[in-house]
Amino acid sequence: MSSASPRGALVVVEGLDRSGKSSQCQILVDHLNQSGSKAQYVKFPDRSTPTGKMINSYLTGSAQQDDHSIHLLFSANRWEAIQSILQMLEFGMNIIIDRYSFSGAVYSAAKDNPNLGLDWAWACEVGLPKPDLVLFLDLSSEEAARRGGYGEERYETQQMQSRVRALFQDLFKRLPNVNLKQINAGCSIDDVATEIRTTFGRFVEQAKLERPPEKLQ
Ligand code: 2DT
Ligand code: MG
């Protein structure tokens, strides 16, 4: 591929559990692939790698971890994937990521651990590729709970989710350089998908993608 061809866009979808992230990522990926753009779905945590398996044991309750230690594992689970993500972007593939550093910082900071605030939690994300676009699917924790309730994994309680929702907004305020679009995830799947597609389309028309992407600060 010649260096003149555009790189792919790095898009992150964030939100609470039950906000529809995974479905919406898949819908966008399918839409892009069907309309002639290359797109690949990536999910964090990636539970298939050695770090991901440790994370999975923690989330499902079969292992305990110190709060800092599990935080670093989640971050390592992203860092270990970065070379392959950068290569796919360079190859012209749009990468649609289901959760990224933003979830990484806020879920850890939402714990009742006075030594683990947003500043500490964000520090190990600095230097990772900065997404070109972040779509935040906003949903109240009450509405999320009405959608069939939470599952049985760690963090899936209404108290934790409402803290996480507030911390996402605190974090976004600290990151004015992030290209953020908040989307009301309380509408129907089709309406949310349409808004995401329109937002992505508008973004791509105007995008001047640096190569490689900028870094999170
Ligand atoms: P899923 O339900 O999306 O599989 O996530 N989490 C996620 C963190 O605490 N830190 C992170 O860095 C990431 C990516 C959010 C499982 C849970 O893991 C949380 C919910
Ligand atoms: Mg979950």
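The values are calculated or read from the model by the stated rules, or taken from the named source; none is laboratory data. Quick caveat, the model's predicted, so the values are computed rather than measured. Cβ coordinates were reconstructed from backbone atoms using ideal geometry, including for glycine residues, and neighbour counts include every protein chain displayed. For the accessible areas, the whole protein counts, side chains as well, though only heavy atoms, and no ligand, DNA or RNA atoms are used. Shrake-Rupley method; radii C 1.70, N 1.55, O 1.52, S 1.80 Å.
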Checklist entry - Does the stretch 90-112 hold any residues that are basic (Lys, Arg) and more than 15 Å from ligand 2 (Cβ to nearest atom), and which are they? => result 111
Checklist entry - Is there a residue in the stretch 178-186 that is under 30 Å from residue 60 (Cα atoms), part of a loop (DSSP other than H, G, I, E, B) and within 16 Å of the chain's Cα centre (by Cα)? => result yes
Checklist entry - Right, residue 22: within 15 Å of ligand 1 (Cβ to nearest atom), open to solvent by 50 Å² or more (accessible area, probe 1.4 Å), under 22 Å from residue 194 (Cβ atoms) and out of contact with any Cys (no Cβ under 9 Å at 6 or more places or on another chain) or not? => result yes
Next on the checklist: Need pairs with beta-carbon distance below 7 Å; first residue within 15 Å of ligand 2 (Cβ to nearest atom) and within the stretch 150-175, second among the aliphatic types (A, V, I, L, M) and not in a helix (DSSP H, G or I); sequence gap 6+ or separate chains.
Outcome noted: 160/110; 161/16; 164/16; 164/110; 165/16
Checklist entry - For the stretch 187-217, which residues satisfy the criterion of being surrounded by fewer than 17 Cβ atoms within 10 Å (Cβ to Cβ), at pLDDT 95 or above and either among the charged types (D, E, K, R) or not in a loop (DSSP other than H, G, I, E, B) (or both)? => result 189, 190, 191, 194, 197, 198, 199, 201, 202, 203, 214, 215
Item to check | the stretch 64-73: number of residues that are of a type in the set (A, V, I, L, M, F, W, C) and open to solvent by less than 30 Å² (accessible area, probe 1.4 Å) | outcome: 2
Item to check | Residue among 55, 82 that is at pLDDT 95 or above and either touching a helix residue (DSSP H, G or I) at 6+ places or on another chain (Cβ under 6 Å) or open to solvent by 20 Å² or more (accessible area, probe 1.4 Å) (or both) | outcome: 55
Checklist entry - So, in the stretch 25-43, of the ones that are surrounded by fewer than 19 Cβ atoms within 10 Å (Cβ to Cβ) and in contact (Cβ under 8 Å) with a residue 24 or more places away in the chain, which residue ends up nearest to ligand 2 (Cβ to nearest atom)? => result 43
Item to check | So residue 46, is it open to solvent by 30 Å² or more (accessible area, probe 1.4 Å) and at pLDDT below 95 | outcome: no
Checklist entry - Can you name the condition, by its number, that residue 77 falls short on among (1) in contact (Cβ under 8 Å) with a residue 40 or more places away in the chain; (2) open to solvent by less than 10 Å² (accessible area, probe 1.4 Å); (3) within 14 Å of ligand 1 (Cβ to nearest atom)? => result (1)
Checklist entry - Can you find a residue in the stretch 111-134 that is part of a helix (DSSP H, G or I) and of a type in the set (Val, Ile, Thr)? => result no
Item to check | Complete set of residues in the stretch 182-212 that are over 15 Å from residue 15 (Cα atoms) and free of Cβ contacts under 8 Å to residues at least 12 places away in the same chain | outcome: 188, 190, 191, 194, 198, 201, 202, 205, 206, 208, 210
Checklist outcome for this item: Checked the stretch 151-171 for anything outside any helix (DSSP H, G or I) and within 10 Å of ligand 1 (Cβ to nearest atom); matches are 151, 153, 154, 155, 156
Checklist outcome for this item: If you go through 141, 162, the only one that is more than 15 Å from the chain's Cα centre (by Cα), open to solvent by less than 20 Å² (accessible area, probe 1.4 Å) and not basic (Lys, Arg) is 141
